[in-house]
Amino acid sequence: MTMIEPRIYLASSSPRRRELLHQIGVRFDLLLFRSQPRADAEVSEDVLPGEAPDDYVLRVARAKAEHGVRLARLRHLPLRPVLAADTTLDLRGEIIGKPRDQADAAAILARLSGASHRVLTAVALADGERLERVLSVSEVRFRALGAEEIRRYAASGEAQDKAGAYGIQGRAATFIEEIRGSYSGIVGLPLCETALLLRSVGYPL
């Protein structure tokens, strides 16, 4: 990949990923897909039969990055690398994504209560000629949660649009006894791995 200028596209609507890139001084423009969730068939987040969590999250991140390149070309935008990411939870081999609604969020949190799970965040960088991917794996342990605090948290709205129905950077920080791995990866973009990925294509970090 050849960097024409120190600027990339971020193919993500996540405000958390935007904040994390700002944190390390990466200059970017947003490259958004259609407004409705999963409206772009090319980046479907449906799990394939028998797909392992690690393979799933890497596949989705790659699809987002490659689709971002296609959209940039269709929109006649300046050519720049496209950064995309995907985060999911692995609970004893089961993929746990974003909750469908408040009741689903409460059910997910009840399953996470008193147990450990893995948070997987895959990052992909593509420019149409080359694609690089990296996977961040972190382990998170929840303390035992009471039914009422699960209900209150699910009702707060913070659980929506977050893999595993919680945000470590918000109120759910009080649920977590221990983490092993990347805090920023759990939030949604592992900064160490992302910085190394960007440096590998010549971005000045």
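Laid out as a table, the results:
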item: Every pair of residues 6+ apart whose Cβ atoms lie under 7 Å, when the first sits in the stretch 45-66 and is more than 17 Å from E132 (Cβ to Cβ) while the second is assigned to a helix (DSSP H, G or I) and of a type in the set (V, I, T); result: E45/V60
item: Checklist (1) surrounded by 15 or more Cβ atoms within 10 Å (Cβ to Cβ); (2) closer than 21 Å to S116 by Cβ applied to E158, failing item; result: (2)
item: Residue that is farthest from V137 (Cα to Cα) [pool: residues in the stretch 74-111 that are assigned to a strand (DSSP E or B) and among the β-branched types (V, I, T)]; result: V82
item: Which numbered condition R80 misses (of (1) at pLDDT 95 or above; (2) over 17 Å from the mean Cα position of the chain (by Cα)); result: (1)
item: Unmet requirement for T174, which otherwise passes all of (1) exposed (fewer than 15 other Cβ atoms within 10 Å of the Cβ); (2) of a type in the set (S, T, N, Q); (3) assigned to a loop (DSSP other than H, G, I, E, B); result: (3)
item: Answer residue from the stretch 77-88, given it is crowded, with 24+ Cβ neighbours inside 10 Å and of a type outside the set (V, I, T) and is farthest from A163 (Cα to Cα) among those; result: P81
item: Checklist (1) touching a Phe, Trp or Tyr at 6+ places or on another chain (Cβ under 9 Å); (2) assigned to a strand (DSSP E or B); (3) not small (G, A, S) applied to L71, failing item; result: (2)
item: Scan of the stretch 177-202 for residues that are surrounded by fewer than 20 Cβ atoms within 10 Å (Cβ to Cβ), part of a loop (DSSP other than H, G, I, E, B) and in contact with a strand residue (DSSP E or B) (Cβ under 8 Å, 6 or more places away or on another chain), ordered by number; result: G181, S182, V201
item: Subset tally (residues that are in contact (Cβ under 8 Å) with a residue 60 or more places away in the chain and in contact with a helix residue (DSSP H, G or I) (Cβ under 6 Å, 6 or more places away or on another chain)) for the stretch 167-183; result: 1
item: Residue match in the stretch 2-24 (condition: within 21 Å of V201 (Cα to Cα), more than 15 Å from the chain's Cα centre (by Cα), surrounded by fewer than 12 Cβ atoms within 10 Å (Cβ to Cβ) and at pLDDT 90 or above); result: yes
item: Some residue of the stretch 141-162 being in contact with a Gly (Cβ under 9 Å, 6 or more places away or on another chain), modelled with pLDDT of 95 or more and in a strand (DSSP E or B); result: yes
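The values are calculated or read from the model by the stated rules, or taken from the named source; none is laboratory data. All figures in this text were calculated on a predicted structure; none of them were measured in a lab. Don't worry about glycine lacking a Cβ; one is built from the backbone with ideal geometry, like all the others, and counts go over all protein chains shown.
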